[in-house]
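Visitor: Let me begin by handing over the structure; questions about it come next.
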Amino acid sequence: MKNFRLTPLGSMITTVSLSIGAGTSLIIYIWVVVIDGNSAAAHQIIIGGLIALLLALGIGFYFAQLVSMRVKRIERAARKVADGNFAASIPVDSSGQLGQLARTFNEMQRRLAELDSARKQFIANASHELRTPIFSLGGFIELLEDEEPSPEERAEFVRTMRQQIDRLTKLTADLLDLSQLDAGGTVMKSNRVDLGSLALDLVRELGPRAERRNSRLELRRPQRPVIATGDPDRVSQIIRILLDNALTHTPEGTSVTVTTYSINERAKLTVSDEGSGIPHRVQKRIFERFYTADSAGGSGLGLAIATEIAQRMDGRVAVSSSKRYTAFTLDLPPAAAGDTSPASANPAGASA
């Protein structure tokens, strides 16, 4: 009897079916017997009404059971999703509204499974990236406590520990940026941004680092300023990520060039280098979180952060590469023609 127990929706369908059958019989009875005065047909109308009620009950109960089973199936699947089980999908056996609901639910379930998988992978990768420098620092501390290194060895230990601390600091900042982006807590301003002036500031900032690597850091700007629309702080963050990426993942002595220009009514900035290039298979994954293509170090978060920030400003970051050449391009919308607010950057200076 449990299988024949109706849900509230099934009971409503059955009640509506009985009401239609009873109402139709009553209308016919009133019309034929009361209004027309044909009392001889009263008996037949009553028998026909009873038969109609039985048919309405049977049909209503059948469809109520059919709908109830589909609703219960969706309810069971929803409970599994609530418990964290995203494996079982709902079979789609109709093309009506319940079938569309089942398809929508399966799509939601698929996306939740992808998000859950990405969350687990993110936690695993973040734990690994944090554990490596922490274990390294612990090992150096034990060496300093138990051993008596020479001044040269001690200086080397301190230098390596400082590198690991810098790595932890950068990783923590990147994780906080990603957390804010995922939570929607990052507010993007919309101002006029002079890409050339921002690039000049960052080229000057990272110039000493390039010199230590015997690399040449060059800025090329047109005479007319390239003005984009975006958040100046976030645009600077993207340019710094692209420059840091070029200086980290290219051999020493590699030339790095920053170029600003306008094309197809878009404001663009390209960071190019003369390194060994990026294989095509790597280019497809280079913007994924925690993906690193070489052993040069880094958490694999910088480019992921850069592309997500660019998307929040209606822009994008793209890569093109071949042998002995790699270019990352930041593409942003231009400033509106009627926007007369000052560009959020320092006045343009000489190319570095």
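Every number here is computed from the coordinates shown, using simple stated rules; none is lab data. Please read all numbers here as calculations on a predicted model, not as lab measurements. Counting neighbours? That spans all protein chains shown, and the Cβs are built from the backbone with ideal geometry, glycine included.
Visitor: R192 passes all but one of (1) surrounded by 14 or more Cβ atoms within 10 Å (Cβ to Cβ); (2) in contact with a Ser or Thr (Cβ under 6 Å, 6 or more places away or on another chain); (3) in a helix (DSSP H, G or I); which number fails?
Guide: Single failed check for R192: (3).
Visitor: Return the total of residues in segment 195-229 being in a loop (DSSP other than H, G, I, E, B) and either in contact with a Pro (Cβ under 7 Å, 6 or more places away or on another chain) or surrounded by 18 or more Cβ atoms within 10 Å (Cβ to Cβ) (or both). Walk me through it before giving the result.
Guide: First, pick out the residues of segment 195-229 that are in a loop (DSSP other than H, G, I, E, B): 213-216, 221-226.
Now narrow it down to the ones that are either in contact with a Pro (Cβ under 7 Å, 6 or more places away or on another chain) or surrounded by 18 or more Cβ atoms within 10 Å (Cβ to Cβ) (or both): 215, 221, 225-226.
Qualifying residue count, segment 195-229: 4.
Visitor: With respect to I134, is the statement that it is part of a helix (DSSP H, G or I), more than 34 Å from the chain's Cα centre (by Cα) and exposed (fewer than 13 other Cβ atoms within 10 Å of the Cβ) true?
Guide: Answer is no for this residue.
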